[in-house]
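What follows draws every value from the coordinates through simple rules; no lab data is involved. Computed from a prediction, not measured in an experiment: that's the story for all the values here. All Cβ positions, even for glycine, are placed from backbone atoms using ideal geometry, and neighbour counts span all protein chains on display.
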C-alpha cells in the first residue's frame, strides 16, 4: 500500500513558513545582541535545526524506504524531533524580548489567558499528541488519509501542532500562565512514553486497520517508532531532570540562607 503524496501547495507552504520563521528568529536574536542583551547562539542552532528537520520530514527524502517506514520517519521528524528542537530555541521568549510594546502586551495577555494555558497543560497536551496517534494507527483513519492527500495533510498538521504543544508544555521553558512542577511533567512524560511504546509494539504485530503493509515494513516502521521515540523522550527527560535539579538547588540555597540569617541575628 502506498500513501497519497502530500499536496504540493501544502508542502510549499510548510517549507516557506519554516524558512521565514528561521530567518525571523535569527534577525530577532541579532537585534537582541546588538542592543547588548545576551542570547545564546546555541538556541539559534537548535531552532534552525528544528526548521531543517521539519522541512526534511515533509519533503520525505527517504529514498527506497518501504511506505510505512517512510511514513514513520516523517512522523518522527514532524511530530517529535522538530517540535523538541523548535521549543528548545525558546521562540516565545525571544519574541517577548524583541517585539514592539503593543504586540508584547498582547502576547503577555495571551500567555496569561486560561484558554491558551489549557492545551499546553502536560496531561492535556499528552492526550492530544499520543491519543491522536492511537486514533490514527488503531482506527481506519490512516487508511482514509492514504486515499486523500488533503486529509493526509491535515493529519500531518495535527501531528506537528500536537507535538509542539506537548514539547512546549512539558519543557515549560517559555512563560505561561501556570507552570506545572517538574514532578507532574516527569509523570506525564513517563505515561506518554509508555503509551507510545505500547503503540509501537502493537504495530509490530498488526498494521493500522484497512492497510496492507508488508510484514517486514511493519516491523521496521515499528522499530523506528519505538527507538526513535525513545531517543526524543530521553532528550525531553534530560531537560526536565535538569530543571528539577536546578529548582531543588534553589530551594536548598534559600533554606540555607534562612538558617544563616537567624544565626547572624543571634550573634549580634
Pick from 93, 69, 206 the residue whose mean-square fluctuation is largest in a GNM of the chain, springs joining Cα atoms under 10 Å. 93
Determine, for 47, 10, 68, the number of other Cβ atoms within 10 Å of each Cβ, and report the residues in order from fewest to most. 10, 47, 68
Could you work out which residue, out of 153, 187, 81, moves most in a Gaussian network model of the chain, that is, has the largest mean-square fluctuation with Cα springs under 10 Å? 187
At 37 °C and 0.692 mPa s, what whole-number value in µm²/s does Stokes-Einstein give for the translational diffusion of segment 1-65, with Rh from the Kirkwood sum over Cα pairs? 240
Ratio of Rg to Rh over segment 170-222 (Cα coordinates, Kirkwood Rh, two decimals): 1.24
Would you kindly compute the Cα radius of gyration of the chain and its largest Cα-Cα separation (Dmax), both in Å? 21.4, 82
GNM flexibility winner over the chain from 88, 32, 136 (Cα, springs under 10 Å): 32
Using Cβ contacts closer than 10 Å as the measure, can you line up 46, 120 from fewest to most? 46, 120
Go from 0 up to the bin containing the longest alpha carbon distance in segment 76-128, width 5 Å each, and give me the % of pairs per bin. 4, 17, 17, 23, 21, 13, 5, 0
In which sequence would 80, 142 go, from the one with the fewest C-beta neighbours within 10 Å to the one with the most? 142, 80
Let me have the 222 nm mean residue ellipticity of the chain computed from DSSP H runs of 4+ only, each contributing -39500 (n - 2.57), with the sum over all residues rounded to the nearest 500. -25000 deg cm²/dmol
Pairing the Cα long axis of helix 41-59 with the longest principal axis of the chain, what angle in degrees results, from 0 to 90 and rounded to the nearest 10? 20
